Amino acid sequence: MELPKFKYINDNIRDKFFEHNINDLACECCGIVSPLVYTGMFYAEENVEILCPECVSNGKAAEKFCGEFYDYWSDIPKTMPKESLHELQHKTPSYRGQQQEYVPHCCNDFCKFIDYVGWRDIQKRGLENNLVFCCYNNKIIENDKKYNFIEANKEKLRKKGDFRGYLFQCLHCNSYHLHADMA
């Protein structure tokens, strides 16, 4: 099955957002049995568990269930185009974080999710000196000094572990952004 493209997800990892539909369950939005289904985060009043890739990408699932794939967070600039916010929240499947998923923004747009990473993955890509460390909920003040928790603990980042990294890239200036969370 050819998956739809998503503006804020790297094409090479789209399949990581969907699972094989081994029980032939129908999409709760359109009723069609798809070989792949989305079972990730979806914030809605109803408990929606199975969505096909098409209903995610075209926004029909979000519209039908008045739902969002990403919960709102407070650092989104007021100048962010409403179309970008709509695309992210209503037409982009959410990556699987350990806490509330967060998507960094740059150049007045959201960044594209590239992959789940540990610090070794960052080094293999040659990005260790070219990263923007996300600061949402990661600014720590200790002994009257402010620092970024992710940057201070970057060597402890694991692709699969209690302290996970999420790599993003700006769609406009191509800068790389690293977000992380803990279990």
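As a summary of the residue check, Gly31 satisfies the conditions (1) of a type outside the set (Phe, Trp, Tyr); (2) loosely packed, with under 14 Cβ neighbours inside 10 Å; (3) modelled with pLDDT under 95 except for the one numbered (3). Evaluate the following for His172: is it modelled with pLDDT of 90 or more, of a type outside the set (Gly, Ala, Ser) and in contact with a Leu (Cβ under 9 Å, 6 or more places away or on another chain)? No. The residues of region 160-176 that are over 12 Å from the mean Cα position of the chain (by Cα), surrounded by 13 or more Cβ atoms within 10 Å (Cβ to Cβ) and not aliphatic (A, V, I, L, M), listed by number, are Gly161, Phe163, Arg164, Cys170, Ser175, Tyr176.
Only one of the numbered conditions (1) touching a residue at least 24 places away in the same chain (Cβ under 8 Å); (2) under 19 Å from Glu151 (Cβ atoms) is violated by Gly126, and that is (1). Considering only region 75-87, I want to know if a residue exists there that is assigned by TED's automatic domain parsing to the domain that holds Leu3, within 18 Å of Glu2 (Cα to Cα) and out of contact with any helix residue (DSSP H, G or I) (no Cβ under 6 Å at 6 or more places or on another chain). No, that holds for no residue. Checking the condition under 23 Å from Tyr166 (Cβ atoms) and surrounded by 19 or more Cβ atoms within 10 Å (Cβ to Cβ), which residue from Phe42, Phe65 passes? Unique residue meeting the criteria: Phe42. Scanning region 45-68 for residues being more than 10 Å from Glu28 (Cβ to Cβ), modelled with pLDDT of 95 or more and part of a loop (DSSP other than H, G, I, E, B) gives a total of 4. Scanning region 88-134 for residues that are in a loop (DSSP other than H, G, I, E, B), more than 30 Å from Ala44 (Cβ to Cβ) and either out of contact with any Ser or Thr (no Cβ under 9 Å at 6 or more places or on another chain) or at pLDDT below 95 (or both) yields Gly118, Arg125, Gly126, Leu127, Glu128, Asn129, Asn130.
The values are calculated or read from the model by the stated rules, or taken from the named source; none is laboratory data. Just so you know, these numbers come straight off a predicted model, no measurement behind them. Note that we place each Cβ from the backbone using ideal geometry, even for glycine, and neighbour counts take in every protein chain shown.
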